[in-house]
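Only one structure is covered here, and it is reproduced in the block below.
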Amino acid sequence: MILNGCIVDFHVLPSVIKNPKLRKLWLSQIRREGFNPDPNCHWHALCSRHFIEGRPTKENAVPTLFAYNNYKTGTPRDTKNSTLRPIEQLILTTQPANIVTVSQLPKVPRQKKYIPDIPVISYIEKPSLDHTYCTSTEVSEDVSIEEKCVMLIENSNTLEQKCQRYETDNNQLRKQVKLLQVELHATKEENKVLNEKFNNTDELLKDKLVEKLTKSNSNVKCFLGLPSISMLFGIFKLLEGHASKMKYWMGPDSSDGKRWQVNNKKKPGASRKLTFFEEFVITLLRLRLGLNTYVLSLLFGVSQSTISRVFTTWISLMAQCLGPLIKWPSKEKIKKHMPLSFRRKYPNTRVIIDATEFYVQRPRNPTAQSKTWSNYKSKNTFKTLVGITPNGAFSFISDLWTGNISDRSITERSGFIDLIEKGDHVMADRGFLIKDLLLSKGATLNMPPFTRPCKHGKGRCLTAKEIKESKSIASLRIHVERSIQRLKSYKFLSGVMPINSTFFANQALKVAGFFCNLMKPLVQKL
């Protein structure tokens with residue numbers, strides 16, 4: 001350290017192990033109250049101003065210059081009564097007579113140690129109050145009043161800058177504290193909700209089930225009947241705006257004034273057990289997997305009546321929003337997306353039609369039993385007419401009819417003929433005797449030829465040309481069978497529908513047809 005132009009060194013106290021006596025002498029000379037340094041601590045040191053030679057040497061190994069002796073050494077008294085110092089006495093007793101003693105040596109004036117003038121490169125602060133014993137009182141006398149004023153002004157400016165910096169840091173810390181308080185409040189609320197869910201096993205099971213169903217695209221396609229997760233949430237976002245105004249279906253026997261119940265209004269003290277997304281998932285699960293109300297009530301922790309009411313309400317909402325999206329395309333769009341197989345043989349094909357039947361529970365009413373009886377299936381069924389474009393998308397789905405209706409009647413009464421335009425070609429199976437109906441519209445029916453009795457022998461036969469034509473039509477008409485198979489992958493339609501499902505069976509059919517159109521085309525363009 002540079003102090004008043006002079007170099008000041010610091011020397012560590014002697015070690016307890018190597019020089020215990022010398023350390024004891026140092027501590028006795030220091031004379032500090034309560035100063036008992038730990039032997040294992042090695043940072044206690046004295047400055048060079050406490051030593052006669054500016055540092056500890058063999059001759060002057062103990063510090064002697066302190067404030068209590070005004071940093072000066074006392075001169076020995078040269079009198080007759082003065083005694084010899086211990087070191088001189090030791091020399092006299094041990095040295096021979098012919099050896100010159102210390103007192104006989106000529107006195108040489110001690111030369112001051114030369115310390116060159118070193119310019120102060122950097123300012124080093126003075127020792128702290130714990131080391132005031134090594135400072136000199138003469139330093140403050142050399143500083144003028146002007147220099148003191150300048151130092152005070154500089155210190156005040158520094159303190160002002162520090163205060164401003166501390167104030168800025170304080171403001172930032174306050175903002176961080178506010179943010180942390182907001183996060184803490186949100187975390188507490190979230191923790192409260194999680195604790196409630198953890199304590200409620202039904203809620204926990206329901207959340208895990210919904211999370212598992214929407215975890216991957218394969219799960220969504222298998223269990224919910226939609227091609228991807230993005231499609232699932234896209235459709236829900238489309239329906240969510242209408243769901244806020246939706247009303248629950250209360251049953252067909254209720255009066256007009258009590259037929260609907262507002263869904264988004266809660267009763268005082270009651271809590272909503274199902275969210276809109278959970279109700280949407282319940283509807284898809286029943287439509288896709290055909291789960292009954294009992295199983296769904298166990299999975300979601302609600303009553304069977306609630307499941308039935310939710311499914312009826314949501315399937316009606318979905319049919320109202322998604323059913324109109326099954327559109328009858330124009331001729332230009334049909335030709336633009338027509339596959340190559342159709343373009344080569346039947347380029348003017350507008351639609352491929354077929355009728356399909358769905359099993360239904362046998363009614364108690366004999367009249368209803370006879371109307372729903374199907375000779376083709378030998379069971380009670382509902383029947384519908386579907387039409388697809390050449391690439392396999394549904395362009396027409398009629399309402400459900402009783403199973404004893406003929407193909408011609410359902411085609412004529414479903415409104416399909418009204419969509420046909422002049423020049424259209426309709427492809428159908430042998431059972432559709434609608435050639436005259438299409439001719440009245442200027443359209444053509446492409447149907448496999450009927451067999452006729454053989455001229456020679458028994459049975460019925462076709463000519464070679466008719467066989468070739470029949471194979472050509474059958475190879476293309478098979479796509480409508482594939483579309484119907486995709487439609488019946490929704491187990492609610494392929495299973496035995498309850499007789500009370502007539503209120504929403506048509507809606508379920510339209511919604512399933514729309515979901516089928518979201519999948520990849522059955523027939524590629526090239």
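Residues to consider are Lys188, Lys221; find the one that is open to solvent by 80 Å² or more (accessible area, probe 1.4 Å), of a type in the set (D, E, K, R), over 27 Å from Asn517 (Cα atoms) and at pLDDT 90 or above. None of the other options fit; the residue is Lys188.
In the set Pro37, Pro63, only one residue is part of a loop (DSSP other than H, G, I, E, B), open to solvent by less than 30 Å² (accessible area, probe 1.4 Å) and modelled with pLDDT of 85 or more; that residue is Pro63. Answer yes or no as to whether Val302 is open to solvent by less than 60 Å² (accessible area, probe 1.4 Å), modelled with pLDDT under 90 and assigned to a helix (DSSP H, G or I). No. Whenever a residue of region 485-500 is under 17 Å from Asn380 (Cβ atoms) and free of Cβ contacts under 8 Å to residues at least 60 places away in the same chain, it has no partner that is open to solvent by less than 60 Å² (accessible area, probe 1.4 Å) and part of a strand (DSSP E or B) lying with C-beta atoms less than 9 angstrom away and at least six residues away or across chains. Checked against the criterion of being out of contact with any strand residue (DSSP E or B) (no Cβ under 8 Å at 6 or more places or on another chain), over 23 Å from Phe233 (Cα atoms) and either modelled with pLDDT of 90 or more or open to solvent by 10 Å² or more (accessible area, probe 1.4 Å) (or both), the candidates Tyr346, Tyr294 yield just one match: Tyr294. The set of residues in region 498-511 that are among the aliphatic types (A, V, I, L, M) and in contact with a helix residue (DSSP H, G or I) (Cβ under 6 Å, 6 or more places away or on another chain) comprises Ala508, Val511. Contact map, region 278-304: first residue farther than 18 Å from Asp207 by Cβ and touching a residue at least 40 places away in the same chain (Cβ under 8 Å), second residue open to solvent by 50 Å² or more (accessible area, probe 1.4 Å) and of a type outside the set (Phe, Trp, Tyr), Cβ cut-off under 6 Å, separation 6 or more or different chains; pairs are Leu289/Lys491; Gly290/Lys491. Residues that are of a type in the set (Gly, Ala, Ser) and modelled with pLDDT of 90 or more were ranked within region 407-453; the one that is nearest to Ser472 (Cα to Cα) is Ala428.
In region 465-481, the residues that are under 13 Å from Tyr346 (Cβ atoms) form Cβ pairs under 8 Å with partners that are open to solvent by less than 40 Å² (accessible area, probe 1.4 Å) and part of a helix (DSSP H, G or I), at six or more places apart or across chains, as follows: Leu476/Phe342.
Of these, Asn404, Asn375, which one is in contact with a Ser or Thr (Cβ under 9 Å, 6 or more places away or on another chain) and over 26 Å from Lys471 (Cβ atoms)? Every option except Asn404 fails the conditions. For region 476-521, the tally of residues that are assigned to a loop (DSSP other than H, G, I, E, B) and farther than 22 Å from Pro363 by Cα stands at 7. Does at least one position in region 5-22 carry a residue that is part of a strand (DSSP E or B) and not hydrophobic (A, V, I, L, M, F, W, C)? Yes, that holds for at least one residue.
Of all residues in region 221-244, those that are farther than 18 Å from Ala508 by Cα and without any contact (Cβ under 8 Å) to a residue 24 or more places away in the chain have Cβ atoms under 7 Å from Cβ atoms of residues that are open to solvent by less than 70 Å² (accessible area, probe 1.4 Å) and in a loop (DSSP other than H, G, I, E, B), 6 or more apart or on another chain, in Ile229/Thr214. Here is the figure for region 389-430: residues that are touching a helix residue (DSSP H, G or I) at 6+ places or on another chain (Cβ under 7 Å) and small (Gly, Ala, Ser) total 4.
Only residues that are in a helix (DSSP H, G or I) and open to solvent by less than 70 Å² (accessible area, probe 1.4 Å) were counted in region 313-343, giving 15. The requirement of being open to solvent by 60 Å² or more (accessible area, probe 1.4 Å), within 33 Å of the chain's Cα centre (by Cα) and closer than 29 Å to Trp401 by Cα is satisfied by Leu289. Selection within region 456-508: residues that are open to solvent by 20 Å² or more (accessible area, probe 1.4 Å) and among the aliphatic types (A, V, I, L, M). The member of this set that is farthest from Gln320 (Cα to Cα) is Ala464. Tally the residues that are out of contact with any Pro (no Cβ under 7 Å at 6 or more places or on another chain), assigned to a loop (DSSP other than H, G, I, E, B) and modelled with pLDDT of 80 or more, restricting the search to region 40-53. Residues flagged as out of contact with any Pro (no Cβ under 7 Å at 6 or more places or on another chain), assigned to a loop (DSSP other than H, G, I, E, B) and modelled with pLDDT of 80 or more within region 40-53 amount to 2.
The values are calculated or read from the model by the stated rules, or taken from the named source; none is laboratory data. Not measured: the values here are computed from a predicted model. Here the Cβ is made from the backbone with ideal geometry for all residues, glycine too, and neighbour counts use every protein chain on show. Keep in mind that these areas ignore ligands, DNA and RNA; they rest on the heavy atoms of the full protein, side chains included. Shrake-Rupley method; radii C 1.70, N 1.55, O 1.52, S 1.80 Å.
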